[in-house]
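Here the structure is laid out as structure tokens; the discussion comes afterwards.
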Amino acid sequence: MAGELNLSNLQPAQARKDRKRVGRGLGSGKGRYSGRGIKGQKSRAGSHMMRAGYEGGQMPLYMRTAKLRGNTSADAMPVGPFRTYTQPVNVRDLEARFEAGEDVTPESLKAKGLIRSIRKDVKLLGVGDLTKTLSITVHGASATAREKVEAAGGTLTLLREPKVRKPKNMKRRPEGRTKTDPTEPADSED
């Protein structure tokens with residue numbers, strides 16, 4: 001813009017565009033049906049207020065498709081939206097990557113490239129042999145891994161205590177039932 005800015009030469013930086021006026025004659029290009037076509041739900045007023053996923057009364061996609069069967073509650077652990085994940089590390093990997101007497105923590109495992117993230121739990125598994133004495137701190141460990149670490153003279157500390165499982169109802173299970181011999185007379189206390 002040349003010269004000084006004043007009210008006589010003031011204009012917007014981007015030129016304004018007039019609103020498209022529909023239904024104002026055939027010559028306008030948007031006359032008669034106003035760009036909505038002929039009849040049907042979408043030609044009516046208020047027709048564009050349909051919720052997401054609405055298919056005009058047809059059975060919608062989310063109802064047509066099969067659903068995940070089974071238990072999706074929080075206590076049905078590895079199933080459903082509450083599934084947990086642990087990163088497995090075997091004792092053979094510790095044998096190869098760590099020196100005797102070193103501390104093994106999720107941070108050191110990440111530094112050695114044995115796990116991807118320290119935000120996920122680490123579980124020590126018992127595949128392979130361990131001869132070095134290591135001080136290991138992880139979230140969980142299998143029984144064989146614990147035996148191998150202790151046999152090598154190392155220590156194993158768990159960051160998360162193992163869940164105490166509820167004893168199952170033994171009366172319902174065949175091995176928990178007591179057999180009664182039908183030939184024996186029933187004890188009667190008179």
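The values are calculated or read from the model by the stated rules, or taken from the named source; none is laboratory data. As the structure is a computational prediction, the values presented were derived from the model and not from experiment. Note that we place each Cβ from the backbone using ideal geometry, even for glycine, and neighbour counts take in every protein chain shown.
Given (1) modelled with pLDDT under 90; (2) on the phi < 0 side of the Ramachandran plot, identify the lone condition not met by residue 31.
For residue 31, the exception is condition (1).
In contact with a strand residue (DSSP E or B) (Cβ under 6 Å, 6 or more places away or on another chain) and surrounded by fewer than 18 Cβ atoms within 10 Å (Cβ to Cβ): does that describe residue 135?
Here the answer is yes, as residue 135 does meet what is asked.
Identify all residues within the stretch 12-28 that are polar (S, T, N, Q) and more than 54 Å from the chain's Cα centre (by Cα); write none if there are none.
If the condition is that a residue be polar (S, T, N, Q) and more than 54 Å from the chain's Cα centre (by Cα), then 28 is the only one that fits.
Of the residues in the stretch 120-142, how many are hydroxyl-bearing (Ser, Thr, Tyr) and either in a strand (DSSP E or B) or at positive phi (or both)?
Matching residues across the stretch 120-142 total 2.
Identify all residues within the stretch 99-140 that are in contact (Cβ under 8 Å) with a residue 40 or more places away in the chain and charged (D, E, K, R); write none if there are none.
Across the stretch 99-140, there are no qualifying residues.
Give the residues of the stretch 144-170 that are within 28 Å of the chain's Cα centre (by Cα) and acidic (Asp, Glu), sorted by residue number.
Answer for the stretch 144-170, where residues must be within 28 Å of the chain's Cα centre (by Cα) and acidic (Asp, Glu): just 161.
Table: residues versus (1) in a loop (DSSP other than H, G, I, E, B); (2) in contact (Cβ under 8 Å) with a residue 12 or more places away in the chain; (3) surrounded by 12 or more Cβ atoms within 10 Å (Cβ to Cβ).
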position	(1), (2), (3)
13	yes, no, no
18	yes, no, no
23	yes, no, yes
27	no, no, no
30	yes, no, yes
33	yes, no, yes
37	yes, no, no
49	yes, no, no
53	yes, no, no
